[in-house]
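Working notes, beginning with the structure itself.
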Amino acid sequence: MVGFGASPLGDEFGRIDRAEGERAVHGAIDQGINYFDVAPYYGRTLAETRLGEALVGKRQAVILATKAGRYGGDPGSGFDFSAQRIIASVEESLKRLQTDYIDVYQVHDIEFGSKQQIIEETLPAMCKLREEGKVRFIGITGYPLHLLKAVARSTEIDTMMTYCHYDLLNSMAAKVLTPVARERGIGLINASPLHMGVLTERGAPHWHPAPEEVLRAGRQAAAWCRQQGGNIAELALQFALSFEQAATTLVGMSKVEHVRRNIQLAEVKPDPELLRGVLKIIKPVADIHWIVGRPENNDPGSVPSPNTVGDLM
Ligand code: NAD
């Protein structure tokens, strides 16, 4: 199932046409997309503001997910996982999103916090908001899979999201997170099926954290796909949608045409020959994962990259 990732509405992948962004949201709802994911961090509140404007009169038609704990600022800073900030943050998000409840409220990128604080302070604050009815469900998001798994085992969360972890370049979420999601009854959300732009014709944005060899493999796969008359983004989305344990697959969108195409693609299986060729190109870099957040939170075998502590989502 395709969900609407709203980070592009915050100009995270380049400046967008604001009116088109709004039409993309409306088109998505009209064509049956009902899950929208955003965060205060995307465009440093711009994405929430734009999504809130686009959802006026349509709030009841969607499941609205946002986050707290990550706000931006200098590389490696701009995080606050304190209970006080989590509680204040929901009020700010409600205002920007022009609503009086959040469906899914998530701790944003838990690898930048201390595991102890996330479990003993951040998530209890989220639980309190859930009890009060300000938010309906609570969850965690982040990159290192073993940290997500450990936190999921120690608290009553409803959702768990990772990104760039089930797509043509890396499929480790299936091994590490699927069992815990099933065991604990947690909705598993698969974000960034295009590897945050690597698996597109346009290529990765400047802040992308993947090491150069991964970016290069993405470019080679895109070129080969094009030569065969295919499109790497379309193949990548079709592949990611085959991850059946995912409750939703969040693809970042701000264009009417991408919404229309991505919904169509959900109905069609990937071309087996195209898929085989791309997987062959990607094989030498498959499952490479990068360092992000606090060292103690990283997955074993994480590699450094030029944007290691940089401006990640
Ligand atoms: P993505 O892999 O979905 O790629 C987005 C890029 O692909 C954008 O530039 C978009 O314009 C482009 N695109 C979309 N459809 C296309 C198509 N059919 N053809 C060509 N290009 C296409 O990356 P993402 O946006 O980072 O991830 C999706 C969403 O998941 C985010 O918007 C966000 O909501 C969520 N997310 C959350 C976290 C987190 O919580 N830590 C991290 C990453 C992503």
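Coordinate-derived values only; no laboratory data. Everything quoted here is computed from the prediction, not taken from an experiment. Note: ideal-geometry Cβ built from the backbone for every residue, glycine included; neighbour counts use all protein chains shown.
Of all GluC sites (Glu not before Pro) in region 124-205, which ones are in loop regions per DSSP and have a Cβ with at most 15 other Cβ atoms within 10 Å? Could you put the intermediate results ahead of the total?
Working: sites: 131, 132, 156, 183, 201; in loops: 156, 201.
Taking region 124-205 and a limit of 15 other Cβ atoms within 10 Å, the loop GluC sites (Glu not before Pro) found are 156, 201.
Take the Cα of residue 87, step 7 Å toward its Cβ, do the same at residue 276, and the gap between the two points is 6.0 nm. Per-residue Karplus couplings for region 182-192, computed as 6.51 cos²θ - 1.76 cosθ + 1.60 with θ equal to phi - 60°, are listed in order as 5, 4, 9, x, 9, x, 9, 10, 9, 9, 6 Hz, Gly and Pro entered as x.
Over the chain, one equal point on each Cα, no solvent: what is log10 I(q)/I(0) by the Debye formula at q = 0.09 Å⁻¹? Per q value, in the given order, log10 I(q)/I(0) is -0.41. Treating r as the C-beta distance of residue 44 and residue 269 and R0 as 35 Å, the FRET efficiency rounds to 0.35.
Adding -39500 (n - 2.57) for every DSSP H run of four residues or longer, then dividing by how many residues the chain holds, sets the calculated 222 nm ellipticity at -11000 deg cm²/dmol. Between the alpha-carbon centres of region 66-122 and region 22-52 there is a gap of 18 Å.
Here region 227-288 is treated as a sphere whose radius is the Kirkwood value from Cα pairs; by Stokes-Einstein at 10 °C and 1.306 mPa s it diffuses with a coefficient of 123 µm²/s. Full extension of the chain segment joining residue 154 with residue 23 gains 43.1 nm, where the gain is 0.36 nm per residue of separation less the Cα-Cα distance.
For residue 60 and residue 226, what does the FRET efficiency come to when R0 = 51 Å and r is the distance between their Cβ atoms, rounded to the nearest 0.05?
Working: r = 42 Å, r/R0 = 0.82.
Calculated transfer efficiency: 0.75.
Shape call for region 141-195 from the C-alpha gyration tensor, a ≥ b ≥ c root eigenvalues: rounded (a/c under 1.5), prolate (a/b greater than b/c) or oblate?
Working: a/c = 1.96, a/b = 1.91, b/c = 1.03.
Judged from the Cα gyration tensor, region 141-195 comes out prolate (a/c at least 1.5, a/b above b/c).
Filter the GluC sites (Glu not before Pro) in region 254-291 down to the DSSP loop ones having no more than 13 other Cβ atoms within 10 Å, then list what survives. Display every interim value, and only then the final one.
Working: sites: 257, 267, 273; in loops: 267.
Answer in residue order: 267.
What FRET efficiency comes out for residue 201 versus residue 98 if R0 is 41 angstrom and r is the Cβ-Cβ distance? Round to the nearest 0.05. Intermediate values should be presented prior to the final figure.
Working: r = 35 Å, r/R0 = 0.85.
FRET efficiency, residue 201 to residue 98: 0.75.
When the square roots of the Cα gyration tensor eigenvalues are ordered a ≥ b ≥ c, the ratio a/c for region 6-49 is 1.5 or more and a/b does not exceed b/c, which makes its shape oblate.
How would you classify region 103-186 from its alpha-carbon gyration tensor, with a ≥ b ≥ c the square roots of the eigenvalues: rounded for a/c under 1.5, else prolate if a/b is greater than b/c, otherwise oblate? Mind showing how you got there, number by number?
On the way: a/c = 1.92, a/b = 1.65, b/c = 1.16.
Prolate.
Taking DSSP loops as anything outside H, G, I, E and B, show the longest stretch in the chain free of trypsin sites (Lys or Arg not before Pro) there with at most 15 other beta carbons within 10 Å. Mind showing how you got there, number by number?
Numbers: sites that count: 15, 44, 58, 202.
By the stated rule (loop sites, at most 15 other Cβ atoms within 10 Å), 59-201.
Placing a pseudo-label 7 Å from each Cα along the Cα-to-Cβ vector at residue 219 and residue 127 gives an inter-label distance of 4.9 nm.
Bridging of residue 58 to lysines at a Cα separation below 30 Å is possible for 67, 95, 128, 134, 255, once same-chain residues fewer than 8 apart are set aside.
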